[in-house]
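See below for the structure under consideration.
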Amino acid sequence: MDDFPIRYVEPVYRPPSEAEALILPLTDGCSWNRCTFCEMYTAPQKKFRPRDETEILETIRRCGEVFGDRVRQVFLADGDALTLSTRRLVAALTAIRREWPKARRVSSYCLPRNVAKKSVEELKELAALGLSLVYVGAESGDDEVLGHVNKGETFSSTLEALEKLREAGIRRSVMILNGLGGAALSAQHATNSARLMNAAQPEFLASLVVSFPMGEDRFRANFPDYAPLDIMGLIKEMERFISALDLKRTIFRSDHASNWLVLKGVLGADKARLLEQLRAALAAPDSAPLRPAWARGL
């Protein structure tokens, strides 16, 4: 619609938990966009570019006029709004507070490499202005796996970012990709991903299954020997991962459409129950409550 106050460049993505959020683009695309497993920002129209500050502030103003007090939750798009300078983020967050006074949560995707460019003091300033949650795609805690998928991060760089965010008072929702290392690297992928989570103690943790709706050519260019895990291999890897976790109070979800076996709980309170579900599926695959292939929506 010509009079709609937000200019979107499709496709538009947001985390499942941001279903009620107003999606506010501060950038188009992803500032890294080299991960070989990710197809989210590969369309030609998604070439990375920061949005003009004038457009962002005008969008916020117009949304205030159109939606009024109905804006309660805001997701800063696209792939990593935190790549913008602190000054520009402060300007946007200040405008959100002014124009959308009932907004109680502002969140964003977040790359560790861009957290590294900001001091704890800068991050605390963003938190004070309303940035309360970031989604960090760690993908793996294993450096060999991360190298194969061209993530551009390491165990250490991801942990440093997560610790800096914690110190700033920004909650962290971390994502690990089940099956990312394939059969050969499955054990170390699971073990080192758990080691990363144990060190970071994130507030939220999610697991998705790696998938390639548009084909594997891009992925295999960097990982030619990749051998995908079958369903039981994925569940076995998840059992290894959760077995190695030592989390104090992390909300865990493995219920994305890509997951064959839905798991939900709080770690560590529900660790034993989650392991029981996984081990029951491994012991009796034919009676396991697996999501049917047609329902995975991939």
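Residue pairs whose Cβ atoms lie under 7 Å apart, separated by 6 or more positions or on different chains, with the first residue in region 40-60 and free of Cβ contacts under 8 Å to residues at least 40 places away in the same chain and in the same structural domain as Phe4 (by TED's automatic domain parsing) and the second surrounded by 12 or more Cβ atoms within 10 Å (Cβ to Cβ) and of a type in the set (Lys, Arg), are Glu53/Arg88.
Could you please give the count of residues in region 174-205 that are of a type outside the set (Gly, Ala, Ser) and touching a Pro at 6+ places or on another chain (Cβ under 8 Å)?
At the first step, the residues of region 174-205 found to be of a type outside the set (Gly, Ala, Ser) are 174-178, 180, 185, 188-189, 191-192, 195-198, 201-205.
If we keep only those that are touching a Pro at 6+ places or on another chain (Cβ under 8 Å) too, we end up with 174.
Number of matching residues: 1.
Do we have any residue at all in region 16-25 that's among the charged types (D, E, K, R) and part of a helix (DSSP H, G or I)?
First, the residues of region 16-25 that are among the charged types (D, E, K, R): 18, 20.
Those left that are additionally part of a helix (DSSP H, G or I): 18.
The answer is yes, given that some residue of region 16-25 is among the charged types (D, E, K, R) and part of a helix (DSSP H, G or I).
Only one of the listed residues (Phe223, Phe212) is in contact with a Ser or Thr (Cβ under 8 Å, 6 or more places away or on another chain), of a type in the set (Phe, Trp, Tyr) and farther than 24 Å from Leu26 by Cα. That residue is Phe223.
For region 230-248, a tally of residues being closer than 19 Å to Asn192 by Cβ and among the basic types (Lys, Arg) returns 2.
The values are calculated or read from the model by the stated rules, or taken from the named source; none is laboratory data. Quick caveat: nothing in here was measured; it's all calculated off a predicted structure. Here Cβ is always computed from backbone atoms with ideal geometry, including for glycine, and neighbour counts include all displayed protein chains.
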